[in-house]
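A short write-up of the structure that comes next.
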Amino acid sequence: MAVSKRLLKAVVMLELLGVLGAYGLFQQMDKSQDFRSSMKRRCPSVLEVYYQSNEWAGQHGVRERDQEAWSSKQH
């Protein structure tokens, strides 16, 4: 019984850390276009989830503003 209780606590703590980590990552991407640019290079699938979650929440145009800013920096 004690082992299963400790295991359950460990699982809950890991899930809590995962949720807090995801929230922190989202907040960092939400406030920094440069960070989103580095996420585009490192992990584009995570950036895609960020864009989709914004679009589902009714915030449109973030993806387009990023693409416009990044394409203007290349010229």
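Tabulated data for the structure shown
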quantity: 3J(HN,Hα) from dihedral phi, segment 41-49, Karplus parametrisation 6.51/-1.76/1.60, rounded to Hz, x for glycine, proline; calculated: 6, 7, 8, x, 5, 5, 5, 4, 5
quantity: Listed candidates (i) 14.4; (ii) 12.2; (iii) 19.0 - label of the one calculated as Kirkwood radius over Cα pairs in Å; calculated: (i)
quantity: Gain on full stretching of the segment that runs from ARG42 to GLU55 - 0.36 nm per residue minus C-alpha separation; calculated: 2.5 nm
quantity: Residue-averaged 222 nm ellipticity for the chain, from DSSP H runs of 4+ at -39500 (n - 2.57), nearest 500; calculated: -29500 deg cm²/dmol
quantity: Proximal lysines to LYS9, defined as alpha-carbon separation beneath 24 angstrom and excluding residues fewer than eight positions away on the same chain; calculated: none
quantity: Residues of type lysines that LYS40 reaches as a straight line, Cα spacing below 18 Å, ignoring anything fewer than 8 places off in the same chain; calculated: LYS31, LYS73
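Bear in mind these aren't lab numbers, they're just calculated from the coordinates by the rules spelled out. The structure displayed is predicted, hence computed values, not measured ones.
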